[in-house]
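The values are calculated or read from the model by the stated rules, or taken from the named source; none is laboratory data. It should be emphasised that the depicted structure is a prediction, and the values quoted were computed from it without experimental measurement. No Cβ is skipped: glycine too gets one built from the backbone with ideal geometry, and neighbour counts run over all protein chains shown. For the accessible areas, the whole protein counts, side chains as well, though only heavy atoms, and no ligand, DNA or RNA atoms are used. Shrake-Rupley method; radii C 1.70, N 1.55, O 1.52, S 1.80 Å.
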Amino acid sequence: MSASPKWTLQRLGRVARTIGGSGFPPEFQGAPVGDLPFAKVSDIRFPGNESGITTAANYVSHSQARMLRARLIPAGSVVFPKVGAALLGNARSLTRRDCLIDNNMMAVVPHNGDPRFWLYLLSVVDLGELSPGGPLPYVSEAQVRDLRVSLPSNDEQRRVADFLQAETSKLDELTHRMDRLRELLIHRRQVAIHNYVSGLCQGVEVAQSDLCWAPRIPLHWQAVRLSHLAVMGSGHTPSRSHPEWWENCTIPWITTGEVSQVRDDRREVITETREKISAIGLANSAAELHRAGTVVLCRTASAGYSAVMGVDMATSQDFATWTCGPKLDPYYLLWCLRAMRPDLLGRLAMGSTHKTIYVPDLQMLKVPLPSLREQQQIVQRIRENNALVDAAIDAIDRQLALLAERRHALVAEAVAGQIDVAPTLGLSP
């Protein structure tokens, strides 16, 4: 988009300076040792009406800042990630007070003008296009200084910033409301699943149970040890020190990489895997070939996520499996496991960084047990309810995408001088 002919096209390095961040010693992590904010990428906020870095998760003293040779970022600077996936997300924020930033970030400090205008200007610059590619995208200070920016007078910058602050605040408020509605729908979906598998939607008399996650179930149901209803199994990784065990791999092998397929609980069945193992690798390891219909639960890094095998498959040691007997429908078990996920993670999962659910705890699991016919009816009702909720969530996602597109286009047009903001602000042209 071409800039207004009244504006001046200049190299960014002539009208602003860049400041790179500094390394943050691990020993300072989380320790309030000073009053100077040391901002990280996680402290960056989306550029909205109330955005800006005023506080940070970490603080240092001025003497420590000098020891680290960290350069002070003055208030009114635009900061953004300069490396990694965060660079591609176009996250930008203003510094509302003097601060320091870590070495994954960069600051642009305008020589003059309205900082809000600069925030909007840089929010529509795709810094990812400057990255040379590769597994770790990055942008250098020299590349940022070489950007060509079109600038109006300081008074015009203020008028454009006032206009965008007023208009984007409306879009941001609508986006916030729709995000909140989306969260409520997801919560409603989870509550409905819990109520279905625990029988609270049956409209029948209920009684106390010994299930931590379902303290009441229908009087005619039972709480039964899962090991009495299904054969529990696990998996393994064939030794990588035997390359011949990793040739002619044809057996689908579920690893934690497959959790992404079922993280939103929409998909019930896994049929494709990133990796496969060979028959000889299977024979020379503790891995087992489980038949289609087996239920799997991740119990380590992405603990709590579950699915049903769509074909005969093996798993890594990160998973527990259950092959259901004649009294238990595998899809009913799947939705029970999904309903009890908060309990599994909150009560049974161990570890601060990577949660792990240990096999002895899984062997003690109980599930509410209606008749097989009731189980199948419950699964069908869950699917029908999920379809309605998911359709509403999809509609919200489409609207959120349109709002984001509209916001980006509005900002891009305004900072390029393509919108006459005077009538909107009640000013004479």
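The 1.4 Å probe gives accessible areas that order Ser77, Ser63, Ser302, largest first, as Ser63, Ser302, Ser77. Taking each DSSP H run with n ≥ 4 as -39500 (n - 2.57) and averaging over every residue of the chain yields -10500 deg cm²/dmol at 222 nm. Taking other residues whose beta carbon is less than 13 angstrom from the beta carbon of Gly84, and scoring Lys, Arg as +1 and Asp, Glu as -1, yields +1. For segment 139-274, the spread of Cα coordinates along the three principal axes comes to 77, 59, 22 Å, biggest extent given first.
Long hydrophobic helices in the chain, taken as whole DSSP H segments with a C-alpha length of 27 Å or more on their own axis and mean Kyte-Doolittle hydropathy at least -1.0: 154-197, 372-415. Note on surface exposure: Asp210, Asp126, Asp102 rank Asp210, Asp126, Asp102 by accessible area, highest first, 1.4 Å probe. Within segment 266-332, the GluC sites (Glu not before Pro) that combine a DSSP coil assignment with at most 13 other C-beta atoms in a 10 angstrom radius are Glu272.
If you run the Gaussian network model on the chain, springs between alpha carbon atoms under 10 Å, then out of Ile73, Ile280, Ile101 the most flexible one is Ile280. Put Cys201, Cys99 in order of accessible area, highest first, and with a 1.4 Å probe you get Cys201, Cys99.
Straight-line cross-link reach from Lys355 at under 27 Å between alpha-carbon atoms covers these lysines, not counting any fewer than eight positions away in the same chain: Lys40, Lys276, Lys366.
Surface composition of segment 48-124: carbon and sulfur atoms hold 49% of the protein heavy-atom accessible area at a 1.4 Å probe.
Hand me the trypsin sites (Lys or Arg not before Pro) from segment 313-357 located in a DSSP loop with no more than 15 other Cβ atoms within 10 Å, in residue order please. Hits after loop and neighbour filter: Lys327.
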